[in-house]
Amino acid sequence: MSASEAAAKIRVAIDSLKTSGVRERPLVEVLDLSHQMADAMKTFFGSLDRSIIGEFRYIADFIQKARDEISGLQANDIKETRIPGASMELDAVVRDTERATETIMSEAETLMNAEPTDLALYKAEVGAAMLRIFEACSFQDLTGQRVNKVIATLRHIEERVGQFAGALGVTDTAVPVSAADQRAKDLLLNGPAINGPATTQDDIDAMFA
Amino acid sequence: MAVDLSMPVLVVDDYQTMIRIIRNLLNQLGFRNVEEAKDGRQALEKMQASKYGLVISDWNMEPMTGFELLQQVRASETLKATPFIMITAESKTENVIAAKKAGVNNYIVKPFNAETLKGKIKAVLGDF
């Protein structure tokens with residue numbers, strides 16, 4: 001039953017009471033007052049209904065928009081394909097780098113221990129080792145391509161999440177600091193700086209002079 | 001007094017390649033007795049079991065960092081005199097200041113070269 005229907009029913013009930021022979025003055029006044037109230041309530045509930053419907057429409061539109069945005073976020077694609085793919089690429093980068101480093105280190109150690117007693121043999125040994133080092137350095141081309149793939153994935157996620165947050169008007173709220181983050185902060189685990197050391201070796205030397 | 005090149009040197013790093021690089025550099029400098037530990041905790045255990053003439057440690061390791069190792073070493077009556085050099089990618093001034101305050105003898109920022117390592121060891125131990 002709508003508010004206007006309820007008010008109409010109340011009014012009918014009051015009219016019925018009025019016409020049923022009630023003659024005592026206070027009761028008539030109460031009935032008049034009730035009549036006025038019913039009219040007022042009809043107007044009030046009528047406007048309330050319209051504003052509530054408007055609110056519900058707004059909420060429904062917002063939910064639909066959120067559903068569209070979540071769908072556009074392609075969370076399943078990110079979780080099931082893109083992040084595992086990027087993770088595999090990074091694993092491969094680590095593996096290729098380790099393999100190349102191992103080769104280069106081994107060749108360098110071999111050369112350091114080589115005895116130059118037979119010059120021709122020594123020269124051949126150095127030449128062969130150098131070739132193997134050059135070959136090992138080719139890992140950089142592959143790792144560069146792998147890292148580019150990871151960067152593309154990160155950019156994709158950044159774009160989607162940014163679009164999602166913007167469309168829904170999401171603002172950042174404070175989150176509790178994790179134990180790992182707190183430990184890193186306490187123990188000054190900042191990691192390597194971008195574009196070289198934050199403090200140069202010369203500046204550090206000056207601090208120890 | 002000349003540095004005893006046969007003294008045990010402990011290299012602490014969780015990255016095996018870096019240990020290998022430092023070991024080779026130390027061997028080139030003449031140090032013959034180079035041992036290794038993969039983190040601060042293992043290094044502390046080794047130091048409690050044997051005496052080392054020099055510790056060269058990375059900062060960022062788990063479960064015990066090089067900074068925590070330094071603090072533990074300096075807090076120990078038996079270990080506190082051990083020369084300690086930090087070799088790390090942690091290059092913020094706050095890191096250097098914290099390490100200095102905790103009693104590190106010298107600080108090398110990665111990437112580094114053989115000359116830098118040699119110079120710092122000389123600054124800490126004397127000529128060799």
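Rounded if a/c is under 1.5, else prolate if a/b is larger than b/c, else oblate: which is chain B, with a ≥ b ≥ c the root eigenvalues of its Cα gyration tensor?
On the way: a/c = 1.28, a/b = 1.14, b/c = 1.12.
Cα axes put chain B in the rounded bin.
Mind pulling up the Rg/Rh value for the stretch A:32-92? Radius of gyration and Kirkwood radius, both on Cα. Mind dumping the intermediate values first?
Working: Rg = 25.5 Å, Rh = 16.0 Å.
Here the Rg-to-Rh quotient is 1.60.
Can you give the FRET efficiency for residue B:62 and residue B:35, using 1/(1 + (r/R0)^6), R0 = 22 Å, r = Cβ-Cβ distance, to the nearest 0.05?
The formula returns an efficiency of 0.60 here.
Are there trypsin sites (Lys or Arg not before Pro) in the stretch B:1-102 that DSSP puts in a loop and that have at most 14 other Cβ atoms within 10 Å, and which ones? Could the numbers behind the result be given before it?
Values: sites: B:20, B:23, B:32, B:38, B:41, B:46, B:51, B:74, B:80, B:92, B:100, B:101; in loops: B:32, B:38, B:51, B:80, B:92.
Hits after loop and neighbour filter: B:32, B:51, B:80.
Please state the charge dipole magnitude for the protein assembly as shown, taken about the Cα centre, from unit charges on C-beta atoms (+1 on K and R, -1 on D and E), reported in debye and rounded to the nearest 20. Walk me through the numbers before you get to the answer.
Values: 38 positive and 48 negative charges, 160 e Å.
It comes to approximately 780 debye.
Just name one of A:58, A:8, A:31: the one whose Cα is farthest towards the positive end of the charge dipole of the stretch A:3-70 (beta-carbon charges, Lys/Arg +1, Asp/Glu -1).
A:31
Where in the stretch A:21-113 are there GluC sites (Glu not before Pro) that are in a DSSP coil and have at most 10 other Cβ atoms within 10 angstrom of their Cβ? Write down the numbers at each step before the final one.
On the way: sites: A:24, A:29, A:55, A:69, A:80, A:89, A:98, A:102, A:107, A:109; in loops: A:24.
Those satisfying the criteria are A:24.
Computed over the Cα atoms, what is the radius of gyration of chain A divided by 2.2 N^0.38 Å, N being its residue count?
2.34
For a footprinting-style exposure proxy, rank B:14, B:39 by other Cβ within 10 Å, fewest first. Kindly include the intermediate steps, with their values, before the conclusion.
On the way: B:14 17, B:39 20.
In increasing order of surrounding Cβ atoms, one gets B:14, B:39.
On full extension of the chain, what length is gained from residue A:99 through residue A:114, given 0.36 nm per residue of separation minus the C-alpha to C-alpha distance?
Details: separation 15, 0.36 × 15 = 5.40 nm, distance 2.25 nm.
Answer, rounded to one decimal: 3.1 nm.
At 0.36 nm per residue, and after removing the present C-alpha to C-alpha distance, how many nm does the segment from residue A:29 to residue A:152 gain when stretched out fully? Don't skip to the end; give the middle numbers.
Details: separation 123, 0.36 × 123 = 44.28 nm, distance 7.86 nm.
Gain on stretching residue A:29 to residue A:152: 36.4 nm.
Quote the FRET efficiency, to the nearest 0.05, computed for residue A:159 versus residue A:195 with a Förster distance R0 of 25 Å and r equal to the Cβ-Cβ distance. Can you show the working numbers first?
On the way: r = 25 Å, r/R0 = 1.01.
Given R0 = 25 Å and the Cβ-Cβ separation, E is 0.50.
Which cross-chain or sequence-distant (5 or more) residues have an amide H under 5 Å from the amide H of residue B:37, H modelled 1.01 Å from N in plane?
B:11, B:12, B:13
If you line up the long axis of helix A:25-73 against the longest principal axis of chain A, both from Cα atoms, how many degrees apart are they, to the nearest 10?
20 degrees
Mean residue ellipticity at 222 nm from the helices of the protein assembly as shown, using -39,500 (n - 2.57) per DSSP H segment of n ≥ 4 over the full residue count, to the nearest 500 deg cm²/dmol?
Values: 12 runs with 217 residues, N = 337.
Calculated from helices alone, the mean residue ellipticity at 222 nm is -22000 deg cm²/dmol.
Using a Förster distance of 35 angstrom, determine the FRET efficiency expected from the C-beta separation of residue A:81 and residue A:60, and round it to 0.05.
Numbers: r = 32 Å, r/R0 = 0.91.
Efficiency, from the Cβ-Cβ distance: 0.65.
Indicate the gyration tensor shape class of the stretch A:74-169 (rounded, prolate or oblate), computed on the Cα atoms with a ≥ b ≥ c the square roots of the eigenvalues: a/c under 1.5 is rounded; otherwise a/b larger than b/c is prolate and the rest oblate. The partial results should precede the final answer.
Numbers: a/c = 5.54, a/b = 4.74, b/c = 1.17.
Prolate.
So which of A:65/A:149; A:79/A:185; B:80/B:101; A:79/B:92; A:149/B:38; A:79/B:38 end up more than 23 Å apart, counting from Cα to Cα? Please list the in-between numbers first.
Details: A:65/A:149 31 Å; A:79/A:185 29 Å; B:80/B:101 14 Å; A:79/B:92 35 Å; A:149/B:38 32 Å; A:79/B:38 34 Å.
Checking Cα-Cα distances, A:65/A:149; A:79/A:185; A:79/B:92; A:149/B:38; A:79/B:38 exceed 23 Å.
Coordinate-derived values only; no laboratory data. Everything quoted here is computed from the prediction, not taken from an experiment. Cβ atoms come from the backbone with ideal geometry, glycine included; neighbour counts cover every protein chain shown.
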